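Q: Attaching a single structure in structure tokens format; questions to follow.
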């Protein structure tokens, strides 16, 4: 017996191909009478909604040329989130309640209303009140945000969003984007700061053909787009020849890619691809937006390699958990590349419709396209009642994280729940996420009872978890992780890049294989390690990457070859890659990190005046970016300009009084000025703002000792050291202070730690 919901999905596709009545004749023998009526009514309803909605289409845009010939695809696309990614704010697009509705969060208030047909927001904090026109809607579900122009060309995301979920799901309300904390105006996350700027942070993934057009001299945007939302161009490109020669290209003359199908032979648990090797390069179009990355170009183009336009975030903490599960808002790329799905050739369109982007099948049916129902969709596997929440594949293998207050997103690494590893590495797992009244020990014992002992981690995988959790491992063990081809490439590339954190030098023989590896991510990570080689090896091994096929690799090679004595015949290639590096830095110069990168580049060239200018600019464009102040003060210290160093740190304290790093840096400055009495209070504040940082405790105790308060320092150390089990540095400090004051009892106490 066919399921009505699945039949509805089939109907949606068939009606677009004018096969509706044929379909009903085909499926009617398999339906009960009442089901048949439901399906007929549903089909008739769909037939009436086959018109293209002009609200989503800009008739002057390049996309408009696609519609006449591709109505079926356009109709499907209109159901997608892409079609509603951004729109002019009007009655057809605004979902929020603007009927004089107020929202408040930690003293920050907004009044949403309509005046003379315009949607408006009155935003106040303390005594400051501003009124803005709502220019655009941003997204639609499960939340809709609103964009206002705070200065010419710069659009910011309002601090309150509309929860567009159903009322019974606690939706249909205004809520603050950071519901659990106060975000004051001096916070980088405040809605008027660069990190909430649409032009820089969001725009390129919500509109076709977006170019930021940021002028770093004036600190202004003049952003442009081809289409206000995400349409044909973002995935297919402009295709001017296609539109000019429609009659010629209507007859297919090119063989379709990915010819083949997923087949599960008798006795196999899962399907395997049968046919020509799949070409999944198109997923670079998906990854362009569904990844956490640094842009290398102003805007991006469809059907262009990902690494020619972006440098991806690797699987490092705090963005990911130790085992690679998502933690912060990292999207899909880093997760999916870890998965066995990706390794075996599964692509986005195996699960998601290519135009609606919705799941092809709801429920377990999606997974059962390839995974045998008789093996996996049975209580002996999932150990829950059939059709229950716990019996859904995704709830165990794709657990959700909540972002933006209401948006639950699934982890695409498709991991098996491992509460036994959660005990050891403090990683999440689906068992206790659902059974929140239980602990990991309970979950581990229960899974053991159901399925036996979990598969032991390989030594390399175990060592990777140790490495990623900040624990030391030997260089040989580190190398074994990188060389283990049973581990996914992005994890190996992450481990390779972590060599920067665990060793001071590398031999050319060690790094050479990775610089020549066929895996692009390994070459990229290896290119970042040039600074660990001596100059001769750096030139001979890194220089060939200046001609790598991908811009991301070329840029890292150039960065690591600055100030080396390369041969004259290499300089032309170097200049080309170096110019790409300059362009990439310029693209990101609208925020503090971008300007700081420009400053670091200037320092590597010995351009101290240029570095000073860029660090100052970092503070100007991003006034609560603490690294801007810290790096500028360090620059002044290295240049022995102590007065200016103190001026910068004083300014940092005014802007960021709760920054542990700023307090610590100011304390160190006072120590260098022989002002121990003043320094200690800053170390104490640093320790209170970041109690997990061992170095702050160590320096605080030393500073107390410098004030001749050694006994008090010893007492404080004994109180705090228990948080830092196994710290040899703190133990040795305790032994030293105990000897200094002749406290034998404390000396023995520290010896036993």
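Q: Which of the numbered conditions does residue 404 fail, given that it passes all the others? Conditions: (1) within 26 Å of residue 346 (Cβ to Cβ); (2) surrounded by 14 or more Cβ atoms within 10 Å (Cβ to Cβ); (3) under 22 Å from the mean Cα position of the chain (by Cα).
A: Condition (1) is where residue 404 drops out.
Q: So how many residues does segment 488-521 have that are assigned to a loop (DSSP other than H, G, I, E, B) and more than 19 Å from the chain's Cα centre (by Cα)?
A: The number of residues fulfilling the criteria is 9.
Q: Name the single residue, out of those in segment 93-106 being more than 30 Å from the chain's Cα centre (by Cα) and part of a loop (DSSP other than H, G, I, E, B), that is surrounded by the most Cβ atoms within 10 Å (Cβ to Cβ).
A: 98
Q: For segment 718-753, what are the residues that are surrounded by 11 or more Cβ atoms within 10 Å (Cβ to Cβ), more than 45 Å from the chain's Cα centre (by Cα) and not in a helix (DSSP H, G or I)?
A: Selection gives 743 alone.
Q: Here is a check on your reading of the model: is residue 384 assigned to a loop (DSSP other than H, G, I, E, B), over 27 Å from the mean Cα position of the chain (by Cα) and not assigned by TED's automatic domain parsing to the domain that holds residue 143?
A: So residue 384 passes the test.
Q: Then there is this: For residues in segment 270-285 being in contact with a strand residue (DSSP E or B) (Cβ under 7 Å, 6 or more places away or on another chain) and loosely packed, with under 15 Cβ neighbours inside 10 Å, which is nearest to residue 376 (Cα to Cα)?
A: It comes out as 270.
Q: Out of segment 345-362, which residues are in a loop (DSSP other than H, G, I, E, B) and either at pLDDT below 95 or on the phi < 0 side of the Ramachandran plot (or both)?
A: 346, 347, 351, 353, 354, 355, 356, 358, 360, 361, 362, listed by residue number.
Q: Going residue by residue through segment 641-648, is there one that turns out to be outside any helix (DSSP H, G or I) and at pLDDT 95 or above?
A: Yes, segment 641-648 contains a residue that is outside any helix (DSSP H, G or I) and at pLDDT 95 or above.
Q: Also, quick follow-up: Out of the residues in segment 213-227 that are surrounded by 19 or more Cβ atoms within 10 Å (Cβ to Cβ) and assigned to a loop (DSSP other than H, G, I, E, B), which is farthest from the chain's Cα centre (by Cα)?
A: 226
Q: So, one more: Taking segment 659-709 on its own, how many of its residues are free of Cβ contacts under 8 Å to residues at least 12 places away in the same chain, within 22 Å of residue 648 (Cα to Cα) and part of a loop (DSSP other than H, G, I, E, B)?
A: 2
Q: Residue 199 - would you say it is part of a loop (DSSP other than H, G, I, E, B) and buried (at least 19 other Cβ atoms within 10 Å of the Cβ)?
A: no
Q: Check whether at least one residue in segment 582-598 is more than 27 Å from the chain's Cα centre (by Cα) and part of a helix (DSSP H, G or I), and report yes or no.
A: Among the residues of segment 582-598, not one is more than 27 Å from the chain's Cα centre (by Cα) and part of a helix (DSSP H, G or I), which makes the answer no.
Q: Considering only segment 306-315, state which residues are in contact with a helix residue (DSSP H, G or I) (Cβ under 6 Å, 6 or more places away or on another chain) and in a loop (DSSP other than H, G, I, E, B).
A: 314, 315
Q: Quick one: count up the residues across segment 482-514 that are over 25 Å from residue 544 (Cβ atoms) and free of Cβ contacts under 8 Å to residues at least 24 places away in the same chain.
A: 1
Q: Additional query: Among what's in segment 316-344 and is outside any loop (DSSP other than H, G, I, E, B) and in contact with a strand residue (DSSP E or B) (Cβ under 7 Å, 6 or more places away or on another chain), pick the residue that is surrounded by the fewest Cβ atoms within 10 Å (Cβ to Cβ).
A: For segment 316-344, the residue satisfying everything is 331.
Q: For the structure I just gave you, tell me whether residue 158 is in the same structural domain as residue 199 (by TED's automatic domain parsing), modelled with pLDDT of 95 or more, in contact with a strand residue (DSSP E or B) (Cβ under 6 Å, 6 or more places away or on another chain) and under 20 Å from residue 207 (Cβ atoms).
A: Answer is yes for this residue.
Q: Residue check: is residue 532 crowded, with 20+ Cβ neighbours inside 10 Å and either within 28 Å of residue 633 (Cβ to Cβ) or at pLDDT 95 or above (or both)?
A: Against the criterion (crowded, with 20+ Cβ neighbours inside 10 Å and either within 28 Å of residue 633 (Cβ to Cβ) or at pLDDT 95 or above (or both)), residue 532 does not qualify.
Q: Can I ask one more? Can you name every residue in segment 389-405 that is assigned to a loop (DSSP other than H, G, I, E, B) and either in contact with a helix residue (DSSP H, G or I) (Cβ under 9 Å, 6 or more places away or on another chain) or over 20 Å from residue 169 (Cα atoms) (or both)?
A: Result: 392, 398, 399.
The values are calculated or read from the model by the stated rules, or taken from the named source; none is laboratory data. Just so it is clear, the structure is predicted and the values come from calculations on it, not from any experiment. Virtual Cβ from ideal backbone geometry, glycine too; neighbours counted across all protein chains shown.
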